Amino acid sequence: MRPEPASGRQERSDAVSRPPSTLLFDWDNTLVDGWAAIQHGLNAAFRHFGMPEWDRAEVLARVRRSLRETFPEMFGPRWEEARDVFYAGVRSCHLDVLRPMPGVPAMLAALAALPLGVVSNKQGPLLRAEAAHLGWRFAALVGAGDAAADKPDAAPLLMALAAMGAAPGPAVWYVGDTALDMQAARAAGCTAVLLGDAEHDGGVATCAPDLHFPDASALAAHVRALDKVA
């Protein structure tokens, strides 16, 4: 990874003292807890191939990149077969086990005056079905497979911003729970915002965000405070 120009770091440093113009969010473990369905789908694929299953902690620690990037590495030439088994397992239960993360519905309500979007490495149709199930509306919902490449590439963030009529830049905050999310934010020239303690991903220092909030309530309070002094 090439070092970021000092000008880019300074622009983001300046931007965090002003209200964001646009907020993009990761989905799983940022806005929702849908890990039970992901674990169910993965273990269905592992059983299909006689491979060891993963517990929840291992799923949280190892699931980062999109399926189209990871399954060829995990399952070799039969990865598409594994993909089909995985998605069948996820679809069988994902809406039943889906839960908002603590404080997220109130946060989204508090920030509703801002343009809000989602960029996830969850398959696009699954992402949009889950948002519809929860009754949450976003200006853009971009999932894995929707753009030419998935996170940490900038492509899905840029696709979401284009759909929202917004330009990338430090005034756009991308909020996620992993180092990969912070990498995607910087690749798109946006401000990288970490939500939670990233215990499953090496901690806050490892993720190196521009801004860090322990929970959704703290993020909403910070944005509201910036609005008052802007």
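What the table below lists for this structure:
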| read-out | value |
| --- | --- |
| Number of the exception - Ala198 against (1) surrounded by fewer than 19 Cβ atoms within 10 Å (Cβ to Cβ); (2) without any contact (Cβ under 8 Å) to a residue 24 or more places away in the chain | (1) |
| Residue match in segment 15-28 (condition: modelled with pLDDT of 95 or more, in contact with a Leu (Cβ under 7 Å, 6 or more places away or on another chain) and not assigned by TED's automatic domain parsing to the domain that holds Arg224) | no |
| Segment 59-77 - residue that is loosely packed, with under 14 Cβ neighbours inside 10 Å and among the charged types (D, E, K, R) and, of those, farthest from Lys151 (Cα to Cα) | Glu73 |
| Count - residues of segment 112-125 that are within 14 Å of the chain's Cα centre (by Cα) and among the hydrophobic types (A, V, I, L, M, F, W, C) | 3 |
| Elements of type helices (runs of 4 or more DSSP H) contained in segment 165-230, each with 3 or more residues being over 18 Å from Val142 (Cβ atoms), in the same structural domain as Leu111 (by TED's automatic domain parsing) and modelled with pLDDT of 95 or more | 204-207, 216-229 |
| Within segment 115-130, considering residues that are buried (at least 19 other Cβ atoms within 10 Å of the Cβ) and small (Gly, Ala, Ser), the one farthest from Ala225 (Cα to Cα) | Ser120 |
| Unmet requirement for Ala112, which otherwise passes all of (1) among the small types (Gly, Ala, Ser); (2) outside any helix (DSSP H, G or I); (3) surrounded by 14 or more Cβ atoms within 10 Å (Cβ to Cβ) | (3) |
| Single match in Arg56, Arg64, Arg99, Arg47 (criterion: over 19 Å from the mean Cα position of the chain (by Cα) and of a type in the set (Lys, Arg)) | Arg47 |
| Search result, residues across segment 49-101 that are of a type in the set (Phe, Trp, Tyr) and part of a helix (DSSP H, G or I) | Phe71, Phe75, Trp79, Phe86, Tyr87 |
| Neighbours by Cβ (under 9 Å, 6+ apart or cross-chain): first from segment 180-193, within 19 Å of Ser66 (Cβ to Cβ); second crowded, with 24+ Cβ neighbours inside 10 Å and of a type in the set (Lys, Arg) | Leu180/Lys151; Asp181/Lys151; Gln183/Lys151; Ala184/Lys151; Ala187/Lys151 |
| Tally, over segment 178-194, of residues that are closer than 17 Å to Leu116 by Cβ and in contact with a His (Cβ under 8 Å, 6 or more places away or on another chain) | 1 |
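The values are calculated or read from the model by the stated rules, or taken from the named source; none is laboratory data. Since we're looking at a predicted model, the values are computed, not measured. Here the Cβ is made from the backbone with ideal geometry for all residues, glycine too, and neighbour counts use every protein chain on show.
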